[in-house]
Amino acid sequence: MDSTTQKIILEARGGAGGDEAALFAGDLVTMYKRYAERKGWSFFAMDSSPGNLGGYKTFVGQISGAGVYDALKYESGTHRIQRVPETEKSGRVHTSTATIAILPVVEEKEVVIKDSDLEVSFSRAGGPGGQNVNKIESAVRILHKPTGIVVGCREERNQHANRERAMEMLRAKLYEIEQTNRVGNISETRKEQVGTADRSEK
């Protein structure tokens, strides 16, 4: 990966806490968007599922700019907040969670994906109030059959651009799996080499 100009996929999901968790996930997305603006990075919403009272049940976006991955990679994980929700009439403090994933976007040569492993479908990109952003089927959904990973993008106005964004997301997810497996294999090999220092070992 280029250490100066990078792209990352940002995933936010509301966790425990129902509608309040979705609101919290929305707050986190807004925070990252404002931080990106302050850093001079570009922020692009790719796909989302809104919460019942606002915020997001799920949100997927892309942030591009110098050093973006190094700056945000430690944001991955579960975030918690304790506050009195706007929907809470008795004033009780609730604990809500949201999960954040930061995935580096990698080049095509780093992750090989066979066309035969993909199931691609298209649909109309729905806008606010059930309106269509356009009259053609521009929203893209891609299923990677070997892993079951599903990605999608509906924010661009043409099918090709949405497909490219979705493929970047898929490569990022597959790259993360490869890196996790590689680290796991290295750890297992090292454990075999150095042993566990258990008394039963000979």
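ALA66 falls short on exactly one of the conditions (1) at pLDDT 90 or above; (2) over 25 Å from ALA166 (Cβ atoms), and that condition is (2). Between VAL111, VAL60, the distinction of being in contact (Cβ under 8 Å) with a residue 60 or more places away in the chain, within 24 Å of PRO146 (Cα to Cα) and under 14 Å from the mean Cα position of the chain (by Cα) belongs to VAL60 only. Being farther than 28 Å from HIS160 by Cβ and touching a Leu at 6+ places or on another chain (Cβ under 6 Å) is a condition met by no residue of the stretch 23-43. Taking the criterion of being crowded, with 22+ Cβ neighbours inside 10 Å and part of a strand (DSSP E or B), the residues of the stretch 12-59 that qualify are ALA12, GLY14, MET46, ASP47, TYR56, PHE59.
In the stretch 187-196, the count of residues that are at pLDDT 85 or above and either in a helix (DSSP H, G or I) or exposed (fewer than 10 other Cβ atoms within 10 Å of the Cβ) (or both) is zero. Residues in the stretch 49-98 that are within 30 Å of GLU156 (Cα to Cα), small (Gly, Ala, Ser) and touching a strand residue (DSSP E or B) at 6+ places or on another chain (Cβ under 8 Å): SER49, GLY51, GLY55, GLY61, SER64, GLY65, ALA66, GLY67, SER76, GLY77, ALA98. Only one of the listed residues (THR95, THR58) is modelled with pLDDT under 95 and more than 16 Å from ILE9 (Cα to Cα). That residue is THR95.
If you check GLU86, GLU75 for being among the acidic types (Asp, Glu), under 23 Å from LEU174 (Cβ atoms) and outside the structural domain of GLU156 (by TED's automatic domain parsing), only one passes: GLU75.
When every residue of the stretch 135-154 is checked against the conditions, at least one turns out to be under 11 Å from ASP47 (Cα atoms), at pLDDT below 85 and touching an Asp or Glu at 6+ places or on another chain (Cβ under 7 Å).
The values are calculated or read from the model by the stated rules, or taken from the named source; none is laboratory data. From a predicted model like this one, the values you see are computed outputs, not experimental measurements. With ideal geometry, Cβ positions are generated from the backbone for all residues, glycine too; neighbour counts draw on all protein chains shown.
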